[in-house]
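Engineer: Structure incoming, see below.
The values are calculated or read from the model by the stated rules, or taken from the named source; none is laboratory data. Worth saying up front: this structure is predicted, and the values here are computed from it rather than measured. Every residue, glycine as well, gets a Cβ built from its backbone with ideal geometry; the counts of neighbours run over all protein chains shown. Only protein heavy atoms, including side chains, enter the accessible area calculation; ligands, DNA and RNA are left aside. Shrake-Rupley method; radii C 1.70, N 1.55, O 1.52, S 1.80 Å.
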Amino acid sequence: MGNYLLRRLLIAVPSLLGISVILFVVLALAPGDPFEELATNPNIPPEVRANLREKFGIDDPVMIRYVRWLAAMVQGDWGFSFASRINVDTLIMQRLPVTIFVIGSSQVLALLIALPVGVYAATRPYSVFDQIANTMAFIGFSLPTFFTGLLFILVFSIWLDWLPFVYRSDIPATGLAWYWEHFKQSIMPIAVLGLFQAASYTRYVRSAVLDVIRLDYVTTARAKGLNERVVIVKHVVRNALIPVVTLVALQMPGVFGGAIVTEQIFRIPGIGSLLISAILANDTPVIMAVTFVFAILVVVFNLIADILYGWLDPRIAYR
């Protein structure tokens, strides 16, 4: 296992390097100037702007800037935010825990819904429950997150006045009240992302279980007199989860993309809202660092999926 993980990490290094080169070149060629505000401010002399551009090497060739950025990244220096006036790594670490909490909770919610619903629908194909589950799944992944987010705000915040629709990080409370207020304002964004993913996962779980439940070894297990619950849980679901794990890992970029939209709707101070504000301000160091963090997270989730393969299917050997 250790050699396998080391080999996978070594494979991930050139992938991340390629991603970083593409991101850096695209951002370097994109229009916009991070010091444009200084240029339009009559109170700031032009030589100040020129000195800043020279200090940060903005007028240097692209490849020289990339090598400088990569060397700094390896040493733990992620750059300096032109808009926020603080180090980029500090800025990201302030926002990243909120995003990971929302995305992680939404994925747990999606799997808690999709697994039992998909398995039960597959064991009773074309029943009333199966038809209702399919209909709700089609509706769920047909509606974009920005629509369901606004719908949740309209119903639960404006009409019913149950939940706050603006995420606040400065809650004037302590102890259990502080945790309760944070939980309340997290319910809607987690539900929006979780229900959207659950709709897609339910269809895949149902399809995977239907493929496995018809195989010969399942019929053999039933012929041996095993309980139907044991057959489904031990022999069917475990093997059906292999393609589902692949799906969850491959959809992580889309989940992060949906989180960016959801964070904007609910004003969540996460890494998605940081990326949007950095794009609007032409804050290139922050844009580069955030997108690179997204790439690292996707690689990590794919590595976790590969590890789960061996647990779900003992035939898979890590060599």
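Engineer: Order SER106, SER207, most accessible first, counting only protein heavy atoms with a 1.4 angstrom probe.
Structural biologist: These residues rank, largest area first, as SER207, SER106.
Engineer: So, counting K/R as plus one and D/E as minus one, what does the shell of residues with Cβ under 10 Å around VAL231 add up to?
Structural biologist: Around VAL231, the charge tally is +3.
Engineer: Hey, another quick one. At 20 °C and 1.002 mPa s, grab the translational diffusion coefficient of the stretch 146-243 from Stokes-Einstein with a Kirkwood Rh over Cα pairs, rounded to a whole number in µm² per second.
Structural biologist: 126 µm²/s
Engineer: Before rounding to the nearest 500, sum -39500 (n - 2.57) across all DSSP H runs of length at least 4 in the chain and divide by the residue total; then give [θ] at 222 nm in deg cm²/dmol.
Structural biologist: Helix contribution divided over all residues of the chain: -24000 deg cm²/dmol.
Engineer: A further question follows. Might you report the magnitude of the Cβ-based charge dipole of the stretch 197-248 about its Cα centre, with Lys and Arg at +1 and Asp and Glu at -1, to the nearest 20 debye?
Structural biologist: 120 debye
Engineer: Relative contact order for the stretch 242-300: what percent, with Cα pairs under 8 Å and sequence separation of 6 or more?
Structural biologist: The normalised contact order for the stretch 242-300 reaches 28 percent.
Engineer: Can you give the charge dipole size of the chain about its Cα centre, rounded to the nearest 20 debye, using +1 on the beta carbon of Lys and Arg and -1 on the beta carbon of Asp and Glu?
Structural biologist: Here the size comes out at about 1340 debye.
Engineer: Moving on to the next point. How much accessible area per residue does the stretch 154-299 have, counting only protein heavy atoms and a probe of 1.4 Å, in square angstrom? All intermediate terms of the calculation are to be shown ahead of the outcome.
Structural biologist: Working: 7140 Å² over 146 residues.
Each residue of the stretch 154-299 exposes 49 Å² on average to a 1.4 Å probe.
Engineer: Related question: May I ask you to list, by number, the DSSP H helices of the chain whose Cα span along the axis is at least 27 Å and whose average Kyte-Doolittle hydropathy reaches -0.5 or more?
Structural biologist: Working: long enough: 2-29 (41 Å, 1.90); 88-123 (50 Å, 1.50); 176-213 (48 Å, 0.56); 284-312 (42 Å, 2.12).
For the chain, where a helix must reach 27 Å along its axis and average at least -0.5, the hits are 2-29, 88-123, 176-213, 284-312.
Engineer: How much accessible surface area, in Å² rounded to 10, belongs to the heavy atoms of HIS182 with a 1.4 Å probe?
Structural biologist: 30 Å²
Engineer: Let me ask something additional. Using a 10 angstrom Cβ neighbour count of at most 15 plus a DSSP loop assignment to flag exposed chymotrypsin sites (Phe, Trp or Tyr not before Pro), which longest range of the chain is free of such sites?
Structural biologist: Excluding the exposed sites themselves, the longest stretch runs over 163-317.
Engineer: While we're here: Could you work out the local net charge near VAL21, counting Lys and Arg as +1, Asp and Glu as -1, over the other residues with Cβ closer than 15 Å to its Cβ? Working shown, then result.
Structural biologist: Working: positive: ARG65, ARG68; negative: none.
Here the count lands on +2.
Engineer: How far, in nm, would the chain grow between ARG214 and LEU150 when pulled straight, counting 0.36 nm per residue and subtracting the alpha carbon separation? Don't skip to the end; give the middle numbers.
Structural biologist: Numbers: separation 64, 0.36 × 64 = 23.04 nm, distance 4.22 nm.
Gain on extension, ARG214 to LEU150, equals 18.8 nm.
Engineer: While we're here: Pop out the carbon and sulfur fraction of the accessible area of the chain as a percent, whole number, probe 1.4 Å.
Structural biologist: Exposed carbon and sulfur together represent 68 percent of the surface.
Engineer: Another one. With a Cα-only, solvent-free Debye model of the chain, what are the log10 I(q)/I(0) values at q = 0.07, 0.08, 0.15 Å⁻¹?
Structural biologist: -0.40, -0.51, -1.26
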